[in-house]
Amino acid sequence: MGGRPKEKQEFDSRLIDLARVSRVTKGGKRFSFRATVVLGDGKGRVGIGTAQGRDVAQAMQKATQKGRKNIIRVTAVKGTIPHEVLYKYHSAVVLLKPAPIGNGVKAGGPVRIIAKLAGIENITAKLIERTGNKLNIARATIKALSELKYKETPIQQNNADTQSTTNS
């Protein structure tokens, strides 16, 4: 009953990958867990974090903290991305394409999770070089989204210029 009131979380988080990993020592195998977590606010900010811990909860908490440090801003225009982008990260090659309004998120695996958490409502994605490594697919998707550029039309640039000169 008492205590602090719970504050609303700034980011939603989703677990992409959880793996039990081992380190071989003189005394035998030491097991730990590796968690990959994606964070997003649904308004254009998304990040990914990967960390290891002695148990699942510790690994997820560490990964969430790392994800907060790796937040990027995604450029979205009318609920989709401004242009097509292809990105290769190690063995994963991801192709992201803009989609018309009402199309939805046509993507699978980590790409779908990242797009939803970034607030992109209409996108088509394809894994060109298919790999089972979800971590590489997620990192390729984040890097591809960070490479998006939004080019303003000359009319929008003129409006921005006139507003900045009138405010001065």
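By a straight-distance test (C-alpha under 16 Å), which lysines pair with residue 151 as possible cross-link partners, with residues fewer than eight away in the same chain excluded?
Here the lysines satisfying the reach criterion relative to residue 151 are 78.
Place a point 7 Å from Cα of residue 52 in the direction of its Cβ. Which residues in region 64-105 have their backbone N less than 20 Å from it?
64-67, by backbone N distance to the label point.
So what is the calculated 222 nm ellipticity per residue for the chain, using -39500 (n - 2.57) for each DSSP H run with n of 4 or more, over all residues, to the nearest 500 deg cm²/dmol?
-9500 deg cm²/dmol
Taking the Cα-to-Cβ direction at residue 126 and at residue 18 and moving 7 Å from each Cα, how far apart do the two end points lie in nm?
Taking the two extended label points, one gets 3.4 nm.
Is there a quick way to get the dipole size of the chain? I mean about its Cα centre, with the Cβ of Lys and Arg at +1 and of Asp and Glu at -1; what is the value in debye to the nearest 20?
Charge dipole of the chain: 1020 debye, to the nearest 20.
Note the angle between two axes, namely the Cα long axis of helix 154-167 and the longest principal axis of the Cα atoms of the chain, as a number of degrees from 0 to 90, rounded to the nearest 10.
The two axes meet at around 90 degrees.
Which of 121, 129, 84 moves most in a GNM of the chain, Cα contacts under 10 Å?
For the chain, modelled as a Gaussian network with Cα springs under 10 Å, the answer is 129.
Specify the residue with the greatest mean-square fluctuation among 43, 149, 29, computed from a Gaussian network of the chain linking alpha-carbon atoms under 10 Å apart.
29
Considering the chain as a Gaussian network with a 10 Å cut-off on Cα pairs, which listed residue, 143, 26, 78, attains the greatest mean-square fluctuation?
Largest GNM mean-square fluctuation: 26.
Can you pick out the pairs among 26/143; 66/126; 69/106; 26/69; 126/149 whose Cα atoms lie more than 30 Å from each other?
26/143; 26/69
Only the coordinates and a few stated rules stand behind these numbers; no lab work does. As the structure is a prediction and not an experimental result, all values here were calculated from the model. Neighbour counts run over all protein chains shown; Cβ positions are idealised from the backbone, glycine included.
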